[in-house]
Amino acid sequence: MSTPTAGGPTTRDRILDAATDLFYALGIRAVSADRIIERAGITKVTFYRHFRTKDTLVVAYLERQAAWERQALDGVRATAGDDAEALRRFAHAVGTETCRPGFRGCAFINAAAEYADPDSPVRQVVAEHRAWYRQTFAAMAGQLGMTDPGQAADELMMLRDGAMLTGYLDDPSRVGAALERAIFAVVDAARTAQPA
């Protein structure tokens, strides 16, 4: 539907790039379609040809963010050697991300805060991505010999969420090391716990 020009991004990608920058920096509700149209350098007709509504664009923005995060964590797991090292690298990556200029926390938590209806398409994308994180953390927990991978996944998810919020609200320079210590406290506790 949208072809790149001379090796450049497609029109759809230009719209998504503009939306990503604006949604993340200013908040989804604060950004109008007109502002995205202006930033992308397109017409309204072009915008609406690619995204029928702003919510359709929000869903595409989150789906693209989810794909990036999944690819990053899958890549870490593939190159780390084992899931303990993958978790160390994950903690370091979160710490690095929180120190990036303009960091405003987790795009999915931010979107969920702006869309209260749990049945909205936006919240469904958020829920799907969080379910993927939990499944991935549970698989990692199982590989590390944790006695209850599901519980460990819930705890790791809470730690990830807390690190993202702490990185935004507090001093981000300590997030990576604190997250690594907390992750391995969960790992060690889950490995030594005896099933009931």
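The values are calculated or read from the model by the stated rules, or taken from the named source; none is laboratory data. Remember, it's a predicted structure, so these values are computed and weren't measured experimentally. In this analysis, Cβ positions are derived from the backbone assuming ideal geometry, glycine residues included, and neighbour counts consider all displayed protein chains. Ligands, DNA and RNA are excluded from the accessible area calculation, which covers all protein heavy atoms including side chains. Shrake-Rupley method; radii C 1.70, N 1.55, O 1.52, S 1.80 Å.
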For region 1-91 the mean separation of alpha carbon contacts under 8 Å (6+ apart) over residue count, i.e. relative contact order in percent, is 19 percent
Quick calc, ALA131 & VAL45: beta-carbon distance into FRET formula, R0 35 Å, rounding 0.05, result 0.45
Here the relative contact order (percent) of the chain, from C-alpha pairs under 8 Å and at least 6 apart, is 20 percent
Summing -39500 (n - 2.57) over every DSSP H run of at least 4 in the chain, dividing by its residue total and rounding to the nearest 500, the 222 nm mean residue ellipticity is -24500 deg cm²/dmol
Length gained if THR53 through ASP13 is fully extended, taking 0.36 nm per residue and subtracting the Cα-Cα distance, is 12.8 nm
Largest-first ranking of LYS44, LYS54 by accessible area, probe 1.4 Å, whole protein assembly kept, is LYS44, LYS54
Expected unfolding gain across ALA80-ARG174 under the 0.36 nm per residue rule, minus the alpha-carbon gap, is 31.6 nm
Given a 1.4 Å probe, the accessible area of the chain per residue, as a whole number of Å², is 53 Å²
Quick tally, 1.4 Å probe accessible area for ARG35, ARG49, sorted with the most first, runs ARG49, ARG35
Under a 1.4 Å probe, counting only protein heavy atoms, SER173 has an accessible area in Å², nearest 10, of 80 Å²
Probe 1.4 Å, all chains present, heavy atoms only: GLU85 accessible area in Å², nearest 10, is 60 Å²
So the carbon and sulfur contribution to the accessible area of the chain, 1.4 Å probe, in percent, is 53 percent
